[in-house]
Amino acid sequence: MTVSRLIPVPIPDSVAAMIGSCMPLGVLHAEMDAECAAREVRRFRGPLCPEDQADREHALSTLARANKVLAAYNPGLVLQPGGGIR
């Protein structure tokens, strides 16, 4: 399977709501959690103090939990820690 290198295009809120209405609520929550966690992981660069390291690890664990739900629904929805699709 080859990964498509499509450029993300913003979609209107009404279209996003229509797409979201077709997905189970747990998957929608996991998708939002994954997006937020992936963004949070990207914030941490370079040498980290112990508090930042703990925050990064917490974000990674949140991303892993969300990815588990997303992969069960559709493996194409899984996010990488940097925010890109796997």
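Split the accessible area of the range 25-86 by element, probe 1.4 Å, and carbon with sulfur accounts for 57%. For the chain, set up a Gaussian network in which alpha carbons nearer than 10 Å are linked by springs, and say which option among Ala59, Ala37, Ala71 fluctuates the most. Among Ala59, Ala37, Ala71, the largest mean-square fluctuation in the Gaussian network model of the chain belongs to Ala71.
For the chain, a Gaussian network of Cα nodes joined below 10 Å ranks Arg43, Arg56, Arg65 by mean-square fluctuation, and the top entry is Arg43. What you get for the chain, charging only the Cβ of Lys and Arg (+1) and of Asp and Glu (-1), is a dipole of about 320 debye around the Cα centre. Sort the range 1-81 into rounded, prolate or oblate with this rule: let a ≥ b ≥ c be the square roots of the eigenvalues of the Cα gyration tensor; rounded if a/c is under 1.5, and if a/c is not under 1.5, prolate when a/b is larger than b/c, oblate otherwise. It comes out prolate by the Cα gyration axes. Quick check: from the Cα gyration tensor, does the range 1-45 come out rounded (a/c under 1.5), prolate or oblate? Taking the square roots of the gyration eigenvalues as a ≥ b ≥ c, the range 1-45 is oblate. Rounded to the nearest Hz, the phi-derived 3J(HN,Hα) couplings of the range 33-43 under the Karplus curve 6.51 cos²θ - 1.76 cosθ + 1.60 (θ = phi - 60°) are 4, 5, 4, 5, 5, 5, 5, 5, 4, 5, 5, where x marks glycine and proline. Work through the residues other than Ser21 whose Cβ is under 15 Å from its Cβ and net out their charges, Lys, Arg +1 and Asp, Glu -1. In short, -2.
The 3J(HN,Hα) values that the Karplus relation (6.51, -1.76, 1.60; θ = phi - 60°) gives for the range 10-18 are, in residue order, x, 10, x, 4, 5, 5, 4, 5, 5 Hz. Gly and Pro appear as x. What the phi angles of the range 51-59 give under the Karplus curve with 6.51, -1.76 and 1.60, with θ = phi - 60°, is a coupling list of 5, 5, 4, 5, 5, 5, 5, 5, 5 Hz, glycine and proline written as x. Ala17 label point, 7 Å along Cα→Cβ, cut-off 19 Å on backbone N: hits in the range 27-68? The answer is 28-29, 32. Which residue, Leu28, Leu63, Leu48, has the most motion in a Gaussian network model of the chain that connects Cα atoms within less than 10 Å? Sorting by GNM fluctuation, first place goes to Leu48.
When the charge dipole of the chain is built from unit charges on Cβ atoms (+1 for Lys and Arg, -1 for Asp and Glu) and taken about the Cα centre, the candidate among Asn67, Ser21, Ala37 whose Cα reaches farthest toward its positive end is Asn67.
The values are calculated or read from the model by the stated rules, or taken from the named source; none is laboratory data. On a predicted model such as this, the values are computed, not experimentally measured, just so you know. Note that each Cβ is placed from the backbone with ideal geometry, even for glycine, and that neighbours are counted across all protein chains shown. All accessible areas refer to the heavy atoms of the entire protein, side chains included, with ligands and DNA or RNA removed. Shrake-Rupley method; radii C 1.70, N 1.55, O 1.52, S 1.80 Å.
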